[in-house]
Amino acid sequence: MSSHREAPEISKDPAADNADVYAFVSPDRPDTVTLITNFVPLQDPPGGPNFFEFGDDVLYSIYIDNDGDGKPEISYVFNFSNRVRDPNTFLYNTGPIGSLNSPKWNRRQFYSVTRVEGDDTTKYGTAPAANGHKHHKPKLKTHLLGRGLACPPCNIGPRSTPNYPALGQAAVHSLPGGIKVFAGQRTDGFYVDLGSTFDLADLRPFQNLHLIPSAAAAGVDATKMLNIHSIAIQIPISQLTSNHVKPTDVMSKHAVIGVWSGASRRKVRMINGSGELSESGPWVQVSRLGNPLFNEVVVPMGHKDRWNSLYPVDDKQFAKYVQHPELAGLLPVLYPKVFPNLAGLKAARADLEAILLTGIPKGIVPGFQNFTGSVPADQLRLNVAIPPKTSNPSIYGLLGNDAAGFPNGRRVFDDVVSIELRAIAGATYPLVNKSYTPDAAAGKLTEGLTPAANRYQGTFPYLAPPQDGFDVPAS
Amino acid sequence: MDERKGVDRRSFIKTSAGVAAGAAGIAAGAAAITRAEQGGLGGAVTSEMLEPTGSAPKEPIMAYVHDARRGEVTVLAGTSETTYRDPDLAKRLVSAATRRLTGGSDVIAP
């Protein structure tokens with residue numbers, strides 16, 4: 001998956017499991033950027049009576065690096081809390097929930113949003129880095145943007161949440177400075193054929209060519225009826241760039257921002273008995289995500305948990321897995337005679353390093369760059385001077401000649417699985433070595449999926465209301 | 001039920017922590033830190049602050065022996081984590097820990 005349950009430890013901790021990150025220039029407000037980070041993956045819609053929610057013991061952060069040093073100069077930090085109206089009922093709601101302050105809604109969730117600025121905002125409330133770096137006392141500036149902001153309920157069914165779209169829209173809050181924010185349940189926008197992917201990297205449309213073949217078939221969208229919890233924030237571009245203006249020159253270094261997100265837990269939790277917990281100590285990062293599939297597909301099993309604890313500035317140690325990705329070696333084995341050129345490609349994959357770790361420098365793709373410098377760091381890199389493509393955007397993003405999409409940031413509908421598969425299979429290697437001829441299949445790889453329109457909406461927060469638990473799964 | 005009288009997890013944690021550690025415990029911990037900053041968690045040996053991090057303590061104070069060989073004890077309070085070098089205290093804690101290894105919880109009067 002993108003990063004759903006991607007590492008052994010975080011797979012046991014859904015509330016902190018960072019599943020997807022999106023960063024794009026807002027199509028309907030092109031003077032803003034929308035940043036979305038998702039948690040609590042793979043929600044089965046009827047999963048009550050304790051429906052899904054953010055962790056009130058988790059610190060959620062979205063980070064922005066706007067000077068290419070691999071460290072965030074800005075972060076938006078989200079703290080959640082729960083309020084229970086009546087602890088003497090087992091019910092999530094005691095009647096239809098018609099509004100966010102409905103007296104029939106028993107267990108509600110609220111949150112605060114804080115903007116943090118400084119040389120390295122990962123230091124906000126955190127422990128010394130696991131890598132042994134000296135932990136200097138941070139000089140950070142914090143600004144509370146909003147508190148007591150209501151989340152919508154989970155989408156239970158037509159009796160409990162009869163007008164869900166209105167509930168969801170009511171949970172879009174306006175903050176000072178032209179910022180919008182939303183936090184709550186949504187339909188997962190990430191589409192993937194999980195069943196085939198994890199069955200020895202099968203691609204159903206090409207499985208007749210697999211080492212263990214069967215008839216070619218259409219892809220199966222495993223997440224189309226599953227929900228997720230999204231934190232979405234829409235911010236004027238001028239509040240994110242290093243020179244505090246909305247750039248117009250695509251080639252300007254000020255035009256590119258690096259984006260990722262993370263989740264942290266308190267360093268110590270003590271179970272006191274009788275259902276009581278105590279927590280103490282600094283926040284310690286347990287999950288992070290920049291590029292989709294980075295930790296999932298690139299980082300080896302034995303390093304995934306540690307990767308989650310580190311920050312992008314420490315990613316140089318993982319560059320070798322990008323330069324020589326395991327999947328690039330597996331494809332020629334699993335699809336015999338399909339990838340002969342890839343099988344012979346032994347050089348370090350500078351194309352993948354650019355896509356995933358540094359951004360693509362100018363001069364590689366005409367009229368495009370999202371280069372942030374030489375510091376290798378897993379971040380989504382978004383050139384905010386590139387306007388959104390509102391007419392016929394390509395789900396293949398830059399590979400589909402649509403520079404407004406992945407790997408220039410990531411939109412909710414981008415087919416990141418196919419894009420990364422194609423890149424790893426060698427389709428992008430000619431960008432750095434024109435003498436290389438990709439295998440014919442490299443540029444055609446796909447899981448055979450297209451995003452269903454009902455997963456998205458045209459306005460903030462762009463991910464559609466969640467599937468309801470009464471109708472999904474259908475009988 | 002009045003929402004303001006409802007239960008939220010944070011207040012529940014805070015309340016339970018208060019029961020578990022007690023105001024005296026927190027006060028004692030704060031006093032211990034003050035003593036440590038003035039010259040010794042254990043009293044006999046000067047404590048050296050090694051890695052200061054966050055802000056003032058508001059929650060239950062927890063401590064563990066970070067490195068027995070080096071005599072380092074780490075104190076967690078609020079979002080702060082401070083490691084002190086106090087060989088005497090570390091030695092006494094290790095001694096207390098190894099006195100009974102049968103599992104379970106015991107309170108042993110000094």
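A few comments on the model shown:
- Applying the criterion of being free of Cβ contacts under 8 Å to residues at least 40 places away in the same chain and aliphatic (A, V, I, L, M) to the residues of segment A:453-475, the residue that is surrounded by the most Cβ atoms within 10 Å (Cβ to Cβ) is A:453.
- In segment B:29-110, counting only strands (runs of 3 or more DSSP E) that sit wholly within it, none holds 1 or more residues that are hydrophobic (A, V, I, L, M, F, W, C) and at pLDDT below 60.
- Residues that are aliphatic (A, V, I, L, M), in contact with a Gly (Cβ under 8 Å, 6 or more places away or on another chain) and in a loop (DSSP other than H, G, I, E, B), drawn from segment A:155-195: A:156, A:171
- Complete set of residues in segment A:55-89 that are within 14 Å of another protein chain (Cβ to nearest Cβ), over 23 Å from residue A:13 (Cβ atoms) and out of contact with any strand residue (DSSP E or B) (no Cβ under 6 Å at 6 or more places or on another chain): A:85, A:86, A:88, A:89
- Residue check for residue A:38: surrounded by fewer than 21 Cβ atoms within 10 Å (Cβ to Cβ), touching a Ser or Thr at 6+ places or on another chain (Cβ under 7 Å) and outside any loop (DSSP other than H, G, I, E, B): no
- Answer residue from segment A:221-232, given it is touching a residue at least 40 places away in the same chain (Cβ under 8 Å) and assigned to a loop (DSSP other than H, G, I, E, B) and is nearest to residue A:149 (Cα to Cα) among those: A:226
- The combined condition, being part of a strand (DSSP E or B) and either modelled with pLDDT of 95 or more or surrounded by fewer than 22 Cβ atoms within 10 Å (Cβ to Cβ) (or both), is fulfilled by residue A:260.
- Condition check for residue A:252: surrounded by fewer than 18 Cβ atoms within 10 Å (Cβ to Cβ) and either within 14 Å of chain B (Cβ to nearest Cβ) or out of contact with any Gly (no Cβ under 9 Å at 6 or more places or on another chain) (or both): yes
- A single member of A:423, A:385 is in contact (Cβ under 8 Å) with a residue 24 or more places away in the chain and farther than 18 Å from residue A:26 by Cα, and it is A:423.
- Residue count, segment A:41-50 (criterion: more than 14 Å from chain B (Cβ to nearest Cβ) and either without any contact (Cβ under 8 Å) to a residue 40 or more places away in the chain or farther than 23 Å from residue A:286 by Cα (or both)): 6
- Residue check for residue A:235: farther than 30 Å from residue B:62 by Cβ, part of a strand (DSSP E or B), within 15 Å of the chain's Cα centre (by Cα) and not small (Gly, Ala, Ser): no
- For the residues A:372, A:450, A:437, the requirement of being closer than 25 Å to residue A:252 by Cα and either in a loop (DSSP other than H, G, I, E, B) or in contact (Cβ under 8 Å) with a residue 60 or more places away in the chain (or both) singles out A:372.
- Residue A:97 vs. criteria more than 14 Å from chain B (Cβ to nearest Cβ), in a strand (DSSP E or B) and either in contact (Cβ under 8 Å) with a residue 40 or more places away in the chain or surrounded by fewer than 18 Cβ atoms within 10 Å (Cβ to Cβ) (or both): no
- Some residue of segment A:259-270 being away from every other protein chain (no Cβ under 14 Å) and over 30 Å from residue A:468 (Cα atoms): yes
The values are calculated or read from the model by the stated rules, or taken from the named source; none is laboratory data. Computed from a predicted structure; not experimentally measured. Every residue, glycine as well, gets a Cβ built from its backbone with ideal geometry; the counts of neighbours run over all protein chains shown.
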